[in-house]
1. Give me P(r) over the range 86-131, computed from all C-alpha to C-alpha distances, binned every 10 Å, as integer percentages.
2. Compute the projected area of the convex hull of the Cα atoms of the range 1-77, averaged over all viewing directions, and report it in nm² to one decimal place.
3. Going highest first, how would you order 172-182, 95-105, 62-72, 191-201 by mean Cβ packing within 10 Å?
4. Scattering from the C-alpha atoms of the range 19-119 alone, worked out with Debye: what is log10 I(q)/I(0) at q = 0.10, 0.11, 0.19, 0.22 1/Å?
5. Mind jotting down a quarter of the surface of the convex hull over the alpha carbons of the range 192-247, in square nanometres, one decimal?
6. What Kirkwood radius, in Å to one decimal, follows from the Cα pairs of the range 66-113?
7. Translational diffusion coefficient, Stokes-Einstein: compute it for the chain using the Kirkwood radius over C-alpha pairs as Rh, at 10 °C and 1.306 mPa s, and state it as an integer in µm² s⁻¹.
8. Cα extents of the range 87-209 along the three principal axes, largest first, in whole Å?
Amino acid sequence: MPELDLSKEINIAIKAALSSGKHLKKNKTELNKNSSSDPRDVKLDADVASENLIKKIINESSNYEILAEESGESSEDLGSTFWVIDPLDGTANYNRDIPICCVSIGMVKNMKPLFGVIYDFNSDEIYCGDCINKVATLNNSPIQVSKVDDKKDGVLITGLPFNTDYSDASLKNLINDMQSWKKTRMIGSAAMASCYIASGKAELYKEKGIYLWDILAGAAIVEAAGGLAEIKNVRENYQVDVTFSNQKIKG
C-alpha cells in the first residue's frame, strides 16, 4: 500500500459525500421506500443507493478497503487504514421529512480517526475535519468547539439506538444525567450531533451502543475542531460507546 495521501483521500470523500447527498435529496420520492421490517430500525432503498454510489466513487480513486453500514467489510482484512461509511445517518428522520440527516464518510488508522466529511444535504452544509493538521471547517469556513465550561449552561445531545436497553433502570440513569444540563436534545443523527459539538452549537454528545460508521467521521471533525472524541468498548460488530465534548465539560 502506498503512503497515505491525506489531501487526495479527503477530496475523494468530499466528492462522494456531495454526490450521494444530492442524489438522496433529488430522488427522495423514489428512494424513500422501506427495505427492512425491523420494528425499531428503519432501512430504506435510500441507504443502499447512497452506499453504492459512495463506494463506486471511492473505488475509482482509492486503494483502501471499506467498512460500510449496509454491506459491511469489503475484505476479510481491512488493514490498519480503511474507510468508514454511513450512507445515510438519520434514516428515520429522512423517512419522515425531519431535516436532520446526512452522509458521513471518514477514514481510520489503527482505529483512530484520520479525517471525516459529513454532508448535511438538506442545508447544503459540508463539514470537514482533518485530525492530522487539526483543521475543521463548515463550507470552507473554520469552526471550533464552544467555550462553555459548566453543565448548567450547556447543551447535551444524546440518543437511544434501536437496540437500546429500555429498562426502567437504564432510562432512570439517562434522566438523572439530563437533569444536570441546561438543555438536552435528541436529534436522531449521531453524525449531525457530532457536527453540532464541533461547531459550538452544543457541548457534549454521548451514546452507548452506537455503531462506528455512525460516529467515525464526526469524531474526526470534533477532534479537528479542538474537542475530545472518546470511542470506547469497541465490539466485534463495531458497536461502540462514545462521548464527544468541547473538552471543558466532561461526560
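Nothing in this text is a laboratory measurement; each read-out follows from the coordinates by a stated rule. From a predicted model like this one, the values you see are computed outputs, not experimental measurements. Methodologically, a virtual Cβ is constructed for each residue, glycine included, from the backbone with ideal geometry; neighbour enumeration extends over all protein chains shown.
1. It works out to 28, 45, 22, 5, in whole percents.
2. Computing the convex hull of the Cα atoms and averaging its projections yields 6.2 nm².
3. Averaged packing, sorted descending, gives the order 191-201, 95-105, 62-72, 172-182.
4. With one equal scatterer per Cα and no solvent, log10 I(q)/I(0) is -0.28, -0.33, -0.92, -1.14.
5. 3.1
6. Mean inverse Cα-Cα distance, inverted, gives 11.8 Å.
7. Answer from the Stokes-Einstein relation: 88 µm²/s.
8. Result, largest extent first: 42, 36, 33 Å.
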